[in-house]
Each structure stands twice: as structure tokens, then as C-alpha cells.
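Peer 1: This is the structure I have questions about; it appears just below.
Throughout, read-outs are computed from the coordinates displayed, never taken from laboratory work. Computed from a prediction, not measured in an experiment: that's the story for all the values here.
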Amino acid sequence: MKEALFYKKLKNKIVQCQLCPNFCVLKENEPGKCLARKNISGKLISLSYGKPIAMNIDPIEKKPFFHFMPGEKVFSIGTAGCTFKCLNCQNFDISQISPEDISTQFVSPEEIIDKVKKSGCKIIAYTYSEPTTMFEYMLDICKLAKKEKIKNVFVSNGYINEKPLQELCKYIDTANIDLKSINNEFYEKICSGKLEPVLKALKILHKNKVWIEITNLIIPRLNDSSKDIEKLCKWVKNLDKNIPIHFSRFFPMYKLLNKPETPNKTLENAYKIAKKQGLKYIYIGNLETDKENTYCPKCNSLLIERNRYQIIKNNIKGDKCYNCNAKIPGVFN
């Protein structure tokens with residue numbers, strides 16, 4: 001068992017986890033809301049350390065990242081548990097269970113690095129469920145990966161406190177944060193969380209010069225109003241107009257089976273709003289469209305042509321447009 005980082009010991013063997021904004025106060029043998037951390041004999045223990053329940057090789061575009069090493073394969077790992085309780089979770093079978101609920105073989109950080117090197121991948125993604133819940137495991141892998149010049153990719157809901165995030169920023173190269181809505185009521189009702197810590201995490205990542213991309217899953221009649229999308233785009237623009245934003249199509253899932261799929265026109269509307277607000281790199285996901293391609297914002301030349309997760313053509317020269325030489329933000333080498 002691995003003792004957790006970022007917690008406080010209270011009286012009578014009670015502990016308070018300080019990893020995420022849930023700030024769980026736990027009596028002996030009580031798990032946190034994430035189900036991945038537990039008070040055992042007055043110590044907070046990470047239950048997910050060394051217990052990956054998913055390991056796969058994916059295209060980097062699947063995460064999604066469109067401005068970070070396009071076309072590369074990424075070694076993806078995930079463990080059980082999550083800081084949220086999203087009613088629409090697509091990975092609820094692993095996010096809403098404890099690592100104690102599954103029998104898994106222990107895989108050390110050193111063994112993960114060995115698997116990555118053997119796979120030929122240059123990138124590790126901490127993904128599938130919420131990687132914050134495996135913080136200690138992720139951090140140890142990140143440190144080893146950095147020594148081996150393997151890139152670290154953080155795919156997260158952004159629900160993490162400042163101190164642990166600052167520590168993680170020393171080792172991660174990029175992050176895709178799921179900004180679920182710009183409305184706190186949505187976070188409370190749908191995710192059992194709060195909006196403000198996610199916005200703060202995005203600011204911290206940006207300040208630390210971690211490359212950021214944002215995903216916004218649009219759910220009919222919950223976060224699809226033009227007013228909310230416009231407000232979200234304004235917020236992102238104020239942070240950095242060059243941050244790529246991915247508007248993603250919702251499919252009925254988990255406890256939101258009564259909701260329809262996101263209509264094409266809703267996603268197209270979000271694209272138009274983002275364009276009008278001045279965002280430079282806007283993409284639509286889970287939909288057959290040319291709006292997954294990257295264009296130069298200066299001369300409108302086609303830079304990267306995509307078909308789902310496959311790169312058809314890449315015209316970026318270094319980090320510049322092949323036609324007008326404009327600098328394209330991201331990591332392309």
C-alpha cells in the first residue's frame with residue numbers, strides 16, 4: 001500500500017484529503033468520494049497505486065489533442081475511481097468503482113516505463129477515468145518518463161487543488177481539460193462538483209506553460225444554450241485565444257439515457273459562436289465533419305487534414321504555416 005500525498009491528520013485517527021476540492025474528511029476504514037483513497041489506521045492510503053485497469057495504445061488525436069505531436073501513438077493508462085459523479089459518464093464501469101473492487105496485477109512505475117519503451121510510444125497519457133485519483137502513481141511514472149524523454153499527457157476534469165497541480169506541472173507536457181460547462185449549477189447537478197476549481201486549474205496550467213486543449217461535451221437542454229456557450233468561449237478567449245477547443249457530441253450514457261444525441265446544428269452553432277468570439281482553433285468531435293481539420297488563422301490554408309483519429313495530411317513546417325509562415329501554437333515536433 002502507498003501512503004497518499006496531500007492530506008492532513010486530524011484527531012482520533014481522522015484524516016482530511018487535500019488532493020481535490022472535495023476535501024473529504026474520513027474516519028478509519030472510510031474511502032473518499034473518489035473511492036481511490038482510504039483512511040487505513042489513521043493514514044490516507046492510495047488504493048490505485050500500481051493497479052492500472054486499462055492499458056492501451058491510442059492515437060494522440062483520440063484524447064483529444066490536435067496541436068500536440070499529431071499522428072503520434074500514445075501509451076494510455078487508467079485506474080479505478082473519479083473525483084466526480086457525472087450522470088453522463090462514458091467510463092462509469094471504471095470511474096464509479098473502487099480499486100478494491102477489481103483484482104489487478106501490480107505494475108510498478110518502472111514496469112510502466114518499460115512497457116512504454118517496448119511499445120515504441122513517445123508519450124504516456126493518464127486517462128480513461130480521472131487521473132487525479134491515482135496522483136501518487138501518476139507522479140512517480142511522470143518523473144521516470146521525464147528522465148527517459150517520454151512526454152506526459154494529463155487528460156482530466158481539472159478538479160484538483162493548487163499544491164498538487166503545481167507539483168504535477170513540473171512533469172507534465174500537456175493537458176486536455178474537460179470544461180463541462182460555464183455554469184456552476186450544471187457542475188453541482190450533473191457532476192457533484194463545482195466550476196470555480198476547474199477554471200482555477202486551467203489558469204495554473206496556463207501560467208506554468210503547460211500546453212492546454214479544452215473539451216466541452218454539449219448535452220441537449222443541459223449546457224447547450226447559445227448564452228452559455230458564448231460565455232464559455234469568452235472565458236477561454238480571455239485566458240488565451242490560441243487554446244484549441246473541442247466541442248464534442250453527446251451520446252446517451254449511464255444515468256442520462258433519456259437525453260437525445262447532440263444535434264448537428266447545435267455543434268455547428270457552437271463552432272460559429274466560438275469563431276465569432278475570436279477563438280483561433282475550434283474543432284467538432286464525434287461527428288463526420290471537416291471541422292476536425294486545422295487551418296491557418298492568418299491565410300486559411302489547410303494545415304492538418306484529419307479523418308477521425310487519422311492524419312491524412314500535415315502541412316505544418318516545424319511550427320509554422322507552409323504557406324504564409326505564420327507561427328502555429330502547439331507542439332508539432
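Peer 1: Run lengths n ≥ 4 of DSSP H only: what is the helix-derived mean residue ellipticity at 222 nm for the chain, with -39500 (n - 2.57) per run over all residues, to the nearest 500?
Peer 2: Rounded to the nearest 500, the figure is -7000 deg cm²/dmol.
Peer 1: Okay, next question. So how far, in whole Å, is the C-alpha centre of region 1-65 from the one of region 254-333?
Peer 2: 35 Å
Peer 1: Could you pull out every residue, at least 5 positions away or on a different chain, whose amide H is within less than 5 Å of the one on Leu44? Hs are placed 1.01 Å off N in the peptide plane, and Pro or chain starts have none.
Peer 2: Counting only residues 5 or more places away or on other chains, the set is Ala4.
Peer 1: If I take the Cα coordinates of region 45-203 and project them onto the principal axes, what are the three extents in Å, biggest first?
Peer 2: Principal-axis extents of region 45-203 (Cα, largest first): 45, 37, 28 Å.
Peer 1: Distance check, please: which entries in Lys117/Lys327; Lys62/Lys275; Lys209/Lys320 exceed 25 angstrom between their Cα atoms?
Peer 2: From Lys117/Lys327; Lys62/Lys275; Lys209/Lys320, over 25 Å: Lys117/Lys327.
Peer 1: Find, to one decimal place in angstroms, the Kirkwood hydrodynamic radius of region 1-106, where the mean of 1/r is taken over every pair of different Cα atoms and then inverted.
Peer 2: It works out to 15.2 Å.
Peer 1: Which one, (i) 29, 56, 14, 2; (ii) 26, 40, 10, 8, 10, 6, 0; (iii) 31, 59, 10, 0, gives P(r) over Cα pairs in 20 Å bins from 0, in percent as derived from the coordinates shown?
Peer 2: Entry (iii).
Peer 1: Looking at this model, which pairs from Lys170/Lys259; Lys149/Lys313; Lys11/Lys63 are more than 31 angstrom apart at the alpha-carbon?
Peer 2: Exceeds cut-off: Lys170/Lys259; Lys11/Lys63.
Peer 1: Here's a follow-up. For region 212-311, what does the alpha-carbon gyration tensor say about shape, rounded, prolate or oblate, given a ≥ b ≥ c as the root eigenvalues, a/c under 1.5 as rounded, and a/b over b/c as prolate?
Peer 2: Oblate shape, in that a/c is at least 1.5 and b/c is the bigger or equal ratio.
Peer 1: Another question, then. Can you give the Kirkwood hydrodynamic radius for region 2-46, in Å, rounded to one decimal and based on Cα pairs?
Peer 2: For region 2-46, the Kirkwood estimate is 9.8 Å.
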